[in-house]
Amino acid sequence: MGGVEDDEPASKRLKLASGRLTGLSNGSSLTEPIVGSRDLMARPPQSEGDKEVLGSKGVIKRVEFVRIIAKALHSLGYKKSCAHLEEESGIPLHSSAVDLFMQQVLNGNWDESVVTLHNIGLKDENIVKSASFLILEQKFFELLDGDNIVDALKTLRTEIAPLCINNGRICELSSCIVSSTHCASVGSSNQDNGRIKPRSKLLEELQKLLPPTVIIPENRLEHLVEQALTLQRDACFFHNSLDKEMSLYSDHQCGRDQIPSRILQILEAHSDEVWFLQFSHNGKYLASSSNDRSAIIWEIDVNGGVSLKHRLSGHQKPVSSVSWSPDDHQLLTCGMEEVVRRWDVSSGECLQVYEKVGLGLVSCGWFPDGKWIFSGINDKSICMWELDGKEVECWKGQKTLKISDLEITSDGKQIISMCRPTAILLLDREAKAERVIEEDQTITSFSLSRDNRFLLVNLLNQEIHLWSIDGNIRLVAKYKGHRRTRFVIRSCFGGLEQAFIACGSEDSQVYIWHRGSGDLVEALPGHSGAVNCVSWNPANPYMLASASDDRTIRIWGLNSLHVKHKSAHCNGTHYCNGGT
């Protein structure tokens, strides 16, 4: 468990000093009478018992609330219920002018609809012009479709062009007069397979253009409800469930039992401190590396049981890290300032050894296409190889440290490494540009989020910082509580949608924080030595693994999970009943 010197590390340690309309969906015109519609301005005063606002906060306007409910009823096909609600409440879904306008559009009464458009209370002249353009463009195409070229040309010259907007589109419409073939391509955004678009489609486009106070957007109530449920889910401290159904009948709240906090298995196949571990992308394997100079590939069965698949031997020094290929068929292992080896996961065979004469490799990783691998070198450079061992490229200079994590974004454009004790380099391979994250404290490790937008940075001062690297670099959150005084302790993203942060600790516990709030969710006892590394199964939000100086790996699961226990010791695995 001893630490190492700053300048010449000999192990994984860093000893660091301190509508309502029938035709809306199918294009047919409105044939049924409009029931209960009345101009909002002509609505009689509310009775004394009515309230203008609803709810305990007084922020829901009654008129808006009723109109949105009426819109939802109509969209669901409950047109009679919508009409009864309008009649009983005295609040119409639309004004009589808007109802008339929508009916005219569906009936193809183009000139009348443009006149009505000017009478529905629109204050923005640009919106009026844009809506008129859409209506008259539809008129133009329908005239052309009926071989009424003279009237189509007249519409273009005397009605569309005087609007003085979208001149490029007017030129395209003009070409339709000359060439029917060109007309098909010009109208592609307005037609389906060369046919005139349905009038219902035009009405949908107009609804998106007009203010929501005039025509309520489609699915507005559904959007509000989904938004409320999403906010509840995001605020839920323990939300980590793929199957948890959110109900409208009650506020959403998960329990602590959604977090993996029970030891399901203890893996005891390593003979020395376990420094690093990582689940495969598909969640079917776990790889670990140790001070015993070996790495192990563990297999996870359909019931979540973990068993030893291959022990990988051949390194002459402790194995500091591992990296899974994008397809999980191969694994890289990196010896401490030694070589990188590439293994076949299925057979356990060593396929290639990557090395630099007179130098040692300190980190490893894969390019997203799986055709190249890269590694940090102890001369502070980063090198890239083809799979057969041919060196392709090398970035010289202060690109990495002797002990350093190494990541690459999923598009293969950015390589991320520690370039100084307090700085992380984001190297853009294509643009040959560099960005730097500067910390006030010494950095001990870092990890990249699955979406490549965030970087999790462990620091000497027992803090973990979350940085946004998407666009402008900025510090997003800090996590505190774990202990780190002498050794390299690693953290990871995890859980459903990576909503949690997990980290090892020198007090033998695993710490879990809620990523969004920064609050500590769990501190899990069980190990008898420093916990060096944690990994959360990307395919199973209920499975977490931790590696420790006590020479074991612990597999954590849900407290509520009922496990069929196997024999006490089998293939380097000890099955627990929730104890330590």
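The values are calculated or read from the model by the stated rules, or taken from the named source; none is laboratory data. Predicted, not measured: the structure shown is a model, and the values here were computed from it. For neighbour counting, all protein chains shown are included, and Cβ atoms are generated from backbone atoms with ideal geometry for every residue, glycine included. SASA here: full protein model, heavy atoms, side chains in, ligands and nucleic acids out. Shrake-Rupley method; radii C 1.70, N 1.55, O 1.52, S 1.80 Å.
So here's what we get for this one:
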{"read-out": "In segment 257-310, the residues that are among the aliphatic types (A, V, I, L, M), under 23 Å from GLN498 (Cβ atoms) and not in a strand (DSSP E or B)", "value": "ILE259"}
{"read-out": "Residue match in segment 112-128 (condition: over 42 Å from the mean Cα position of the chain (by Cα) and surrounded by 21 or more Cβ atoms within 10 Å (Cβ to Cβ))", "value": "yes"}
{"read-out": "Flag for ILE160 being open to solvent by less than 40 Å² (accessible area, probe 1.4 Å) and not in a helix (DSSP H, G or I)", "value": "no"}
{"read-out": "Residue under evaluation TYR354, criteria (1) in contact with a Lys or Arg (Cβ under 6 Å, 6 or more places away or on another chain); (2) modelled with pLDDT of 95 or more; (3) surrounded by 15 or more Cβ atoms within 10 Å (Cβ to Cβ), criterion not met", "value": "(1)"}
{"read-out": "Of the criteria (1) surrounded by 12 or more Cβ atoms within 10 Å (Cβ to Cβ); (2) under 30 Å from SER96 (Cβ atoms); (3) modelled with pLDDT of 90 or more, which one GLU218 fails", "value": "(3)"}
{"read-out": "Segment 310-347, subset within 34 Å of the chain's Cα centre (by Cα) and of a type in the set (Val, Ile, Thr), residue farthest from GLU386 (Cα to Cα)", "value": "VAL319"}
{"read-out": "Residue in segment 398-408 that is in a strand (DSSP E or B), at pLDDT 95 or above and surrounded by 13 or more Cβ atoms within 10 Å (Cβ to Cβ) present", "value": "no"}
{"read-out": "Filtered residues of segment 266-291 (kept if buried (at least 20 other Cβ atoms within 10 Å of the Cβ), touching an Asp or Glu at 6+ places or on another chain (Cβ under 8 Å) and farther than 20 Å from GLY495 by Cβ)", "value": "HIS270, GLU273, VAL274, SER290, ASN291"}
{"read-out": "Leading residue by the ranking (farthest from LEU455 (Cα to Cα)) among those in segment 422-434 that are open to solvent by less than 70 Å² (accessible area, probe 1.4 Å) and not small (Gly, Ala, Ser)", "value": "ARG429"}
{"read-out": "Matching residues, segment 136-150, being open to solvent by less than 70 Å² (accessible area, probe 1.4 Å) and either of a type in the set (Asp, Glu) or closer than 19 Å to LEU206 by Cα (or both)", "value": "LEU136, GLU137, GLN138, LYS139, PHE140, PHE141, GLU142"}
{"read-out": "Qualifying residue in segment 348-359 (condition: farther than 18 Å from ASP388 by Cβ and hydroxyl-bearing (Ser, Thr, Tyr))", "value": "no"}
{"read-out": "Conditions (1) modelled with pLDDT under 90; (2) open to solvent by 20 Å² or more (accessible area, probe 1.4 Å); number of the one not met by CYS254", "value": "(2)"}
{"read-out": "Hey, CYS492 of a type in the set (A, V, I, L, M, F, W, C) and over 23 Å from the mean Cα position of the chain (by Cα) or not", "value": "no"}
{"read-out": "Criterion: open to solvent by less than 10 Å² (accessible area, probe 1.4 Å), at pLDDT 90 or above and under 30 Å from SER508 (Cα atoms) - qualifying residue of ILE469, ILE416", "value": "ILE416"}
{"read-out": "Matching entry among ILE443, ILE464 (being touching a Pro at 6+ places or on another chain (Cβ under 9 Å) and either farther than 20 Å from THR409 by Cβ or buried (at least 22 other Cβ atoms within 10 Å of the Cβ) (or both))", "value": "ILE443"}
{"read-out": "Test: residue in segment 290-309 that is touching a His at 6+ places or on another chain (Cβ under 7 Å) and among the acidic types (Asp, Glu)", "value": "yes"}
{"read-out": "Single residue of segment 226-244 satisfying the filter (of a type in the set (A, V, I, L, M) and surrounded by 13 or more Cβ atoms within 10 Å (Cβ to Cβ)) that is nearest to ASN126 (Cα to Cα)", "value": "ALA228"}
